[in-house]
Amino acid sequence: MTFLRYFFFVLGAAILASVVGGVFAAVVALISPEFVKGLFSPAASASLPRYAAAVGAIWGVFIGAGVMGFCLGLVTLVHIARVITKRKTDEDSPAAQ
C-alpha cells in the first residue's frame, strides 16, 4: 500500500508541475512573444500561448517528477537509516545480553 501511495504522490506532483509550467509558459508568451519565438522556435502558423503552454507542461512534468522522486528518495533513505539505527540500538541494549 505504501508503494501505491508514493506512486500517487509522484503522479500528483508531476501533474501539478505540468499545470504550473504550462500556465507560466503561456503567461510568458502573452507578455513577451519575441522571447518565446527565440527560445522555442514554433511554426509560423502556431498560436504562441498554446505552443508555449504545451512546451511548459512537458517541462513541468519532467521537473515535477524529478523533484518529487528526489524527495521520496530522501524519505526512503531516512526510513532506512532509522531501521538500521533501531536495530543497532536493540543489539546494544542490556536486555539483549
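Nothing in this text is a laboratory measurement; each read-out follows from the coordinates by a stated rule. For clarity, every value in this text was computed on a predicted model and none was experimentally measured. Heads up, the Cβs are rebuilt from the backbone with ideal geometry, glycines too, and the neighbour counts pull from every protein chain shown.
Data overview
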{"read-out": "0 to 90° range, to nearest 10: angle between helix 48-92 axis and the chain longest Cα axis", "value": "10 degrees"}
{"read-out": "Angle between the chain longest axis and helix 2-31 axis [Cα atoms, degrees, rounded to 10]", "value": "30 degrees"}
{"read-out": "Extent along principal axes [Cα atoms of the chain; Å; largest to smallest]", "value": "78, 25, 17"}
{"read-out": "Pairwise FRET efficiency - Ile80 versus Ile31, Cβ, R0 = 41 Å, nearest 0.05", "value": "0.35"}
{"read-out": "Extension gain, Ala44 back to Val19 (0.36 nm per residue minus Cα-Cα distance, nm)", "value": "6.5 nm"}
